[in-house]
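S.K.: What follows is a single structure, and I will ask about it in a moment.
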């Protein structure tokens with residue numbers, strides 16, 4: 001990371017749990033009971049809540065909790081794009097799943113004439129905290145997953161390359177605004193791990209010319225607290241190490257630390273953000289358990305290259321559990337820091 005941080009810093013992946021009042025506020029807004037300023041005030045308060053939870057726990061690098069994004073990337077980002085028409089979900093009844101989510105059809109070349117709205121997110125957050133900030137951004141292949149190419153594009157990959165140009169412009173605007181730490185979220189790389197070399201080309205185009213500390217988050221999905229893929233990173237290695245990313249954020253806690261050894265099997269000089277908090281489980285880890293997981297990670301990476309995160313975002317986890325898990329994550333890291341340095345903190 002580019003900021004002054006303790007050894008083995010802690011950070012979140014991005015999203016934070018919504019407080020109960022935000023759900024009821026969203027319902028009121030959708031019924032037309034809120035004006036634009038009412039909704040903006042509500043979202044500002046939600047960001048403040050997410051930030052307070054992180055700072056209360058002692059998290060070293062903070063985000064705005066993605067509290068302005070209704071869903072990981074859907075309603076927020078697609079509303080900034082032109083050239084789309086919305087399609088109904090494939091299934092409307094029964095157990096929630098990805099096929100109940102909204103989809104879109106490309107009807108003309110994709111554009112984002114006013115950007116993706118991320119500079120405004122950052123501008124608000126940096127006025128509310130003195131801690132280092134990370135800005136999470138959905139990657140183009142994942143963002144393309146809900147867009148049918150129609151007659152405009154050949155396939156999903158071509159849609160992704162069109163989105164890559166849009167995201168690249170947004171990333172450069174973020175850097176110009178003062179962002180130093182950017183995280184590209186690409187769970188779809190691990191979900192569709194059949195063409196990793198092409199993913200490398202796509203990723204490198206997306207971050208081309210972006211002067212920031214770049215992290216990439218690869219997971220197996222977390223819609224309503226469920227993965228959506230065979231949970232193995234092996235098909236992506238060693239190819240993804242050619243991505244122009246400074247840091248890789250990978251999930252391990254909910255897989256009982258399976259595949260940690262991949263990081264040793266394919267050594268690199270990249271930073272390793274190890275997901276050591278299970279966001280899909282309501283068992284709340286103790287600090288000692290987190291410390292044990294960190295010690296396991298230190299068998300495959302040096303302390304100066306390691307940071308600790310949850311497996312994924314917390315948007316699908318109840319807030320009471322999130323607060324406990326954040327506190328355990330931070331204290332677990334402090335335990336290991338004391339062992340390594342002999343100093344408190």
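No lab work stands behind these numbers, since they all come straight from the coordinates. Just so it is clear, the model here is predicted, and its values are computed rather than measured. No Cβ is skipped: glycine too gets one built from the backbone with ideal geometry, and neighbour counts run over all protein chains shown.
S.K.: Using a ≥ b ≥ c from the Cα gyration tensor of region 261-335 (square roots of the eigenvalues), is it rounded, prolate or oblate, where a/c under 1.5 gives rounded and otherwise the larger of a/b and b/c decides, a/b for prolate?
M.R.: Prolate, since a/c reaches 1.5 and a/b exceeds b/c.
S.K.: How much length is gained on full extension from residue 211 to residue 269, taking 0.36 nm per residue of separation minus their Cα-Cα distance?
M.R.: Details: separation 58, 0.36 × 58 = 20.88 nm, distance 1.86 nm.
Value of the extension gain: 19.0 nm.
S.K.: Using a Gaussian network model of the chain with C-alpha springs under 10 Å, which one of 107, 191, 59 is most mobile by mean-square fluctuation?
M.R.: 107
S.K.: Could you check the spin-label model distance between residue 338 and residue 123? Points 7 Å from the Cα along Cα→Cβ, value in nm.
M.R.: Each label point lies 7 Å from its Cα, and together they span 4.4 nm.
S.K.: Semi-axes of region 1-44's equivalent ellipsoid from the Cα gyration tensor, sqrt of 5 times each eigenvalue, largest first, rounded to whole Å? Don't skip to the answer; put the middle values down first.
M.R.: On the way: eigenvalues 239, 29, 9 Å².
Output for region 1-44: semi-axes of 35, 12, 7 Å.
S.K.: Oh, and also: Where does the chain land at 222 nm, in deg cm²/dmol rounded to the nearest 500, when only DSSP H runs of n ≥ 4 count, each adding -39500 (n - 2.57), divided by all residues? Could you put the intermediate results ahead of the total?
M.R.: Values: 11 runs with 127 residues, N = 345.
Counting only the DSSP helices, I get -11500 deg cm²/dmol.
S.K.: Need one number: % antiparallel among DSSP beta bridges in region 192-283, to the nearest 5. Don't skip to the answer; put the middle values down first.
M.R.: Numbers: 1 of 10 bridges.
Roughly 10 percent of the DSSP beta bridges within region 192-283 come out antiparallel.
S.K.: Would you mind classifying region 207-345 by shape? Square roots of the alpha carbon gyration tensor eigenvalues, ordered a ≥ b ≥ c; an a/c under 1.5 is rounded, otherwise it is prolate if a/b is larger than b/c and oblate if not. Before the final figure, lay out the partial values.
M.R.: On the way: a/c = 1.59, a/b = 1.13, b/c = 1.41.
Here region 207-345 falls in the oblate category.
S.K.: Right, something else. So if each residue of separation counts as 0.36 nm, and I subtract the Cα-Cα distance between residue 79 and residue 105, what length gain in nm does that give?
M.R.: 8.0 nm
S.K.: Can I ask one more? Quick one: work out the % antiparallel among DSSP beta bridges in region 20-341, nearest 5.
M.R.: Among the beta bridges of region 20-341, antiparallel pairing accounts for roughly 20 percent.
S.K.: Between residue 172 and residue 40, what is the label-to-label distance in nm when each label sits 7 Å out along the Cα-to-Cβ direction?
M.R.: Here the modelled spin labels are 2.8 nm apart.
S.K.: Please identify, among 190, 292, 245, the residue showing maximal mean-square fluctuation in a Gaussian network model of the chain using a 10 angstrom Cα cutoff.
M.R.: Among 190, 292, 245, the largest GNM mean-square fluctuation belongs to 292.
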